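Below is one structure, written out as structure tokens; comments come after it.
Readers should treat all values here as calculations from the given coordinates under stated rules, not as data from a laboratory. Keep in mind that this is a model prediction, so the values were computed, not measured. Counting neighbours? That spans all protein chains shown, and the Cβs are built from the backbone with ideal geometry, glycine included.
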């Protein structure tokens, strides 16, 4: 994994042990720190940056954004 | 992959591009602050997808690029110290300092190691108790809390041979400096997604209020970026600039409070030296005195003073990286671009870093030969 400075990718938490967690993306499993996201739970997606989860993905917001995008796409088809 | 693939849909991207074309009437100039956005915009051909009325300009948000030559010289000087293992993110290795680079220092015998995370550097300190492990701490608010967490961890676990050479930088103060400078007239800013995961969207509120410039926080997939551009166009066309989040799955207005608390605990706000901008007051972080035994600037003050005495800072000759970072020059306008300066043989950091605007232009279609062909 490249250490591109401000990039972060969403990975799913498989297990938590103290302030560390095992996370997975596309079959790749890594051990990361969740010291910055103490509220993260197993099953959550976290944004991973240089070995640290920096935020928990808000799945509800993600769905709303996709819904909005589909609406925009629908409107465009009508127009 | 969840939360990535959906935002790479070419169908949605085409619809958004169409929407932007329909709604964009007057010519506008948007700056993407973050080098990650510049890279994504060029890689996905977003400049070709948006209408000619929308100009996209790279900004100063590439941590390696904005690191001052003097800060590189300090890292190289420490790397040459026999008791030091200098650890760094990979992008820093080939950036030229005044007289050398970390890569050249390594070839000459210095112990320089590329790490993926500060946790790797802490582990290195643990298994090398006779050495001082120095981490070259560059980056913005995205990276700052990870460095704060590493210092707290070292303190908690009694790892006294871990030190950070801190040149962390802050986004909103440099945005203010850039806008105050007024060299480039901007209508909107695509605000950095992962910086904003940490700081939230509120710190940008002065931008529409004081400068009348629209702000939208964006994610990094093509659909995210097009959504952000579409929101910016709508704001500008309606004449009502404000701060919006188009990356709601990652960013909250208040940011990540735990990360912000940790930053406040470990750092204090300081001035910072930026390539292209010079010293900007209040735009950087230094390590708070209560953690000074982890501060490489304090621990190695004598070594640095001795190594850098009588060695003036020399900028790479002919390099216009500073102007590119301020948005005053575009990469293909630099006389060295693609000729004397290529990713294989870079003159300045904007061509070295994978987030650098020159590297992105070179790789994805800004190369002069491609421009000629087009």
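Summarising the label geometry, the points placed 7 Å from Cα in the beta-carbon direction at residue B:293 and residue B:209 lie 4.2 nm from one another. Once both axes come from the Cα atoms, what is the angle between helix B:118-127 and the longest principal axis of chain B, in degrees from 0 to 90, rounded to 10? Long axis of B:118-127 versus the principal axis of chain B: about 20 degrees. At full extension, residue B:127 and residue B:339 could sit 71.9 nm farther apart than now, given 0.36 nm per residue minus the alpha carbon distance. In the protein assembly as shown, the ratio of gyration radius to Kirkwood radius, Rg to Rh, stands at 0.96 when only Cα atoms are counted. For the peptide B:142-149, the mean number of other protein chain Cβ atoms found within 10 angstrom of a residue's Cβ is 5.
Take the Cα coordinates of the range B:254-374, assign each an equal point scatterer, and use the Debye formula without solvent to give log10 I(q)/I(0) at q = 0.20 Å⁻¹. Debye intensities relative to I(0), on a log10 scale: -1.07. Annotation for residue B:21 and residue A:29: the two label points, set 7 Å from Cα along the Cα-Cβ direction, are 4.8 nm apart.
Going by neighbour counts of Cβ atoms within 10 Å, the residues B:169, B:15 line up, fewest first, as B:15, B:169. In units of the compact-protein estimate 2.2 N^0.38 Å, chain B shows a Cα radius of gyration of 1.00.
If you rank B:319, B:166, B:350, B:191 by fewest surrounding Cβ atoms within 10 Å, what's the result? Neighbour counts put them in this order, fewest first: B:319, B:166, B:191, B:350. Residues of the range B:297-311 falling in the label zone of residue B:98, defined by backbone nitrogen less than 12 Å from a point 7 Å along Cα to beta-carbon, are B:305-311.
Please work out, to two decimal places, the log10 of the ratio I(q)/I(0) at q = 0.11, 0.12, 0.24 Å⁻¹ from a Debye calculation in which every Cα of the range A:9-78 carries one identical scatterer. Each listed q maps to, in turn, -0.34, -0.38, -0.93. Here r is the Cβ-Cβ distance between residue B:47 and residue B:8 and R0 is 22 Å; the resulting FRET efficiency, rounded to 0.05, is 0.80.
Once the chain from residue B:116 to residue B:268 is taken as fully extended at 0.36 nm per residue, the excess over their C-alpha distance is 52.2 nm. When you restrict to C-alpha pairs under 8 Å that are six or more residues apart and normalise by the size of chain A, the relative contact order lands at 25 percent.
Scaled against 2.2 N^0.38 Å for its residue count N, the alpha carbon radius of gyration of the range B:1-104 is 1.56. Relative to the longest principal axis of the Cα atoms of chain A, helix A:59-78 runs at roughly 20 degrees.
Put simply, when B:330-342, B:145-157 are sorted by average Cβ atoms within 10 angstrom per residue, most first, you get B:145-157, B:330-342. In chain B, Cα pairs under 8 Å separated by at least six residues give a relative contact order of 22 percent. Computed with the Debye formula from one identical point scatterer per Cα of the range B:178-274, without solvent, the log10 of I(q)/I(0) at q = 0.11, 0.13, 0.18 Å⁻¹ comes to -0.36, -0.50, -0.88.
Look at B:329, B:87, A:65 and count the other Cβ atoms within 10 Å of each Cβ; fewest to most, that gives B:329, A:65, B:87. Shielding of peptide A:55-62 by partners, expressed as the average count of other chain Cβ atoms within 10 Å per residue Cβ, is 6.
Peptides B:130-142, B:23-35, B:288-300 ranked from most to least packed give B:130-142, B:23-35, B:288-300, packing being the mean of other C-beta atoms within 10 angstrom over each peptide's residues.
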